[in-house]
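Visitor: First the structure, which I've put down as structure tokens, then a few questions once you've had a look.
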Amino acid sequence: MAKGPIRRAQLIAPFSVGAMVVVRDGTSLITAGTDHWYKRENGTLAEDLTEYRVEEWRLARTLGVNHFRLPPDFRKAGIGDGTTNAYVTVPFLRFPTWHICPSCNLLRSSPLTARGKVKCPECEAKKQVKYMDQAPIVAMCQDGHIQDFPWREWVHQSVNPNCQRSIRLIGTGSATLGGLQVRCDCGAKRSLNGILNADEEGTTLSRTLDRERVEYLCQGKRPWLGTLESEPCGCQLRGSLRAANNIHYAQVKSAIYLQRGTNSELLSILEQPPLSTLINKLKLLGDVTPLGLREFYPSLLQPYSNTEIQDSLLSILSVTDTESKNQQITDDDQETSFRREEFNVLCTVRNEANLKIRQINLGEYTASIARYFSKIMLVDKLKETRVLTGFTRIFPETDRPLDDLQLQLRRSSFDSDTESWLPAYVVYGEGIFIEFNEHSLRQWLAISGSGISSRVEPLTKRYNRIQQLRKLRKRQITPRFLLLHTFAHLLINRLTFECGYSSAALRERLYVSDNPKAPMAGVLIYTAAGDSEGTMGGLVRMGKPGNFEPVLHSLIETASWCSSDPVCMEVGITGGQGPDSCNLAACHSCTLVPETTCEEFNRFLDRGVVVGDINNRELGYFTHNTGE
């Protein structure tokens, strides 16, 4: 049986439902759907599911579920120690199911549930013991389906081949896929050349598999749900190496926890098990009262009055928090509205159980800081919940609705809305929140308007073309967004030299809106860890007066000249660079960060909007009319 440890956080990303992982003994597995999570290998369910329950009211409201659950952690039980939820595992299935014998090159399929090493039947018949390796190639579509490569169909060049004789995968010595040849004992043979290729007209695999030019479309397979049954799918199929990066992109929705009500300690008690479990049960009966809660947990609620409990219950049971409802802007889309709630809170001083923010007077910084920024907030503690909402293949983004993505995670639907949940992980950390000076932003956009617009226009056109081709979500790429995003990357790269964190340990969170009635221009740079105490304060320290100014000065100086200039600056204008050619002046030498750090997969970056280009420094926000 294949075994391998995976951290709980990795079951949200990158090894979430539908992802492939290779364990210690070399077996390739696919993470199973959530239907059978929290069960032991003998099929029994964990005793106490409330232990895994996570509450995040804003995300639950947005994603349309009742609650979230932490992935199970494996624990052993000693004799008589009373360990609950012992030996609970997350199921994995063997995929791909086709195997290759390294001796006779036989291709043969095994069940998804097969355990241990697979022996070659032909070699075994010759009284030789040879263990088969899993095939290195699979096939997938952009709607999230994945299946074994159609070996038999490919070699016979037929959507419905009649021959069932043995097939083999032969290496002819070339280092490319063209050097691999599929052969059938009937005499048919065909190389794998071009199976990974795709263009605007479709994929080579779907277009050329059949000699009669009949399209071979995706079979709608979902092996991560424990079945090889098909569902309707009209997408073209693309071949892929099973270790390729685009096999799986976890779609993760995250939120900074914002408190409801005023009593943070009481709210924290009510939102966590066991009281959260009791409240949800009483909700079904329509009778959630302070006296009803006290009857079951008198010691937990003893320090609080019935009035305090009732006020907190009203905050928890309301669909939308009153404060956030008042802050909603009618022109905002769903994501902007979601971020605006956080933006408004991050701009204020807080001292709550899960969010501690203090403001530094801009007068304590050098004069230039107030010209660029209106607020610098030090976030000593924050709580972030990261929720798996689904996944994509081939492309990291999709325009598919959240409901469709969530259906990928399990085979059966929930019995009721009160039981609906999604996998989540909770982290705690610290950060620096920076709000840009709105007056300076508008002045920069007005003075550099035509020059900035003409600079950004090619990037916008490239993204719009890709968006239509790949069915990505529609979005507006503006100079304001490019400025804040690029600044966040440059700041992260500079902070790694000063605060001791690696760039992969830091994350960005952008708050951007061009709405003239309610603009947003904020950047949160933060780090988060699984420990409930968060981190050690090194990042917050860099936001203090005397520490932040040298970082900003160094950021501007470094951004002014990349070691790859003038190529980096010029190639961005002529044809773009980076992922999907959606960057202007931004490359690995100056601006890019690890993908886990960036919200946009290292796209939509340009040093030109920060410090101008080689010919015109006035285009930059930090260099126009500053003499720098």
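One line per residue, one yes/no per condition, for (1) of a type in the set (D, E); (2) touching a helix residue (DSSP H, G or I) at 6+ places or on another chain (Cβ under 6 Å); (3) surrounded by fewer than 18 Cβ atoms within 10 Å (Cβ to Cβ):
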| site | (1), (2), (3) |
| --- | --- |
| G187 | no, no, yes |
| G194 | no, yes, yes |
| K221 | no, no, no |
| L225 | no, no, no |
| C235 | no, no, no |
| I247 | no, no, no |
| K283 | no, no, yes |
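Visitor: Could you list, in sequence order, the residues of region 467-489 that are touching a residue at least 60 places away in the same chain (Cβ under 8 Å), of a type in the set (A, V, I, L, M, F, W, C) and buried (at least 17 other Cβ atoms within 10 Å of the Cβ)?
Guide: Matches in region 467-489: L472, I477, F481, L482, L483, F487.
Visitor: Does L107 fit the bill of being part of a strand (DSSP E or B) and either touching a residue at least 12 places away in the same chain (Cβ under 8 Å) or crowded, with 19+ Cβ neighbours inside 10 Å (or both)?
Guide: Considered against the rule, which asks whether it is part of a strand (DSSP E or B) and either touching a residue at least 12 places away in the same chain (Cβ under 8 Å) or crowded, with 19+ Cβ neighbours inside 10 Å (or both), L107 comes out as yes.
Visitor: Now for a separate question. Looking at region 153-166 only, could you name the residues that are within 15 Å of N105 (Cβ to Cβ) and under 39 Å from the mean Cα position of the chain (by Cα)? If you could, list the steps in order and put the result at the bottom.
Guide: From region 153-166, those within 15 Å of N105 (Cβ to Cβ) are 155, 165-166; that's our starting set.
V155, the sole residue that qualifies.
Visitor: If you don't mind, there's one more thing I want to ask. Just the residues that are part of a strand (DSSP E or B) and free of Cβ contacts under 8 Å to residues at least 24 places away in the same chain, please, taken from region 218-255.
Guide: S230 - this is the single residue of region 218-255 that is part of a strand (DSSP E or B) and free of Cβ contacts under 8 Å to residues at least 24 places away in the same chain.
Visitor: Residues that are buried (at least 20 other Cβ atoms within 10 Å of the Cβ), in contact (Cβ under 8 Å) with a residue 24 or more places away in the chain and under 20 Å from the mean Cα position of the chain (by Cα), at least 1 per element: which strands (runs of 3 or more DSSP E) completely within region 10-96 meet that?
Guide: The qualifying strands (runs of 3 or more DSSP E) are 20-22, 28-31, 67-69.
Visitor: Of the residues that make up region 199-206, is at least one under 16 Å from S240 (Cα atoms), in a strand (DSSP E or B), among the hydroxyl-bearing types (S, T, Y) and under 36 Å from the mean Cα position of the chain (by Cα)?
Guide: yes
Visitor: Determine whether L445 is free of Cβ contacts under 8 Å to residues at least 60 places away in the same chain, of a type outside the set (K, R), outside any strand (DSSP E or B) and over 30 Å from V17 (Cβ atoms). Walk me through how you get there before you give the answer.
Guide: Values: free of Cβ contacts under 8 Å to residues at least 60 places away in the same chain: yes; of a type outside the set (K, R): yes; outside any strand (DSSP E or B): yes; over 30 Å from V17 (Cβ atoms): yes.
Answer is yes for this residue.
Visitor: Let me ask something additional. Output yes when any residue across region 131-150 is touching a Gly at 6+ places or on another chain (Cβ under 8 Å), among the charged types (D, E, K, R) and either outside any loop (DSSP other than H, G, I, E, B) or at negative phi (or both), and no when none is.
Guide: Yes, there is a match, as at least one residue in region 131-150 is touching a Gly at 6+ places or on another chain (Cβ under 8 Å), among the charged types (D, E, K, R) and either outside any loop (DSSP other than H, G, I, E, B) or at negative phi (or both).
Residue by residue, here is whether (1) assigned to a loop (DSSP other than H, G, I, E, B); (2) out of contact with any Cys (no Cβ under 8 Å at 6 or more places or on another chain); (3) buried (at least 17 other Cβ atoms within 10 Å of the Cβ) holds:
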| position | (1), (2), (3) |
| --- | --- |
| T113 | yes, yes, no |
| K117 | yes, yes, no |
| N160 | yes, yes, no |
| C163 | yes, no, no |
| G178 | no, yes, no |
| Q181 | no, yes, yes |
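Visitor: Can you pull out every residue in region 67-108 that is assigned by TED's automatic domain parsing to the domain that holds I146 and of a type in the set (G, A, S)?
Guide: S103
Visitor: State all residues of region 290-320 that are in a loop (DSSP other than H, G, I, E, B) and within 22 Å of V54 (Cα to Cα); if no residue qualifies, say none. Talk me through it step by step, then tell me what you get.
Guide: Here is the first cut: in region 290-320, the residues in a loop (DSSP other than H, G, I, E, B) are 297, 302-305, 318-320.
Y297, S318, V319, T320 - these are the residues of region 290-320 that are in a loop (DSSP other than H, G, I, E, B) and within 22 Å of V54 (Cα to Cα).
Visitor: Would you call F74 touching a Gly at 6+ places or on another chain (Cβ under 9 Å) and among the aromatic types (F, W, Y)?
Guide: On the way: touching a Gly at 6+ places or on another chain (Cβ under 9 Å): no; among the aromatic types (F, W, Y): yes.
Taking the combined requirement at face value, the residue does not satisfy it.
The values are calculated or read from the model by the stated rules, or taken from the named source; none is laboratory data. This one's a predicted model, so the numbers in the text were calculated from it and none came from an experiment. All Cβ positions, glycine included, derive from the backbone under ideal geometry; neighbour counts span all protein chains shown.
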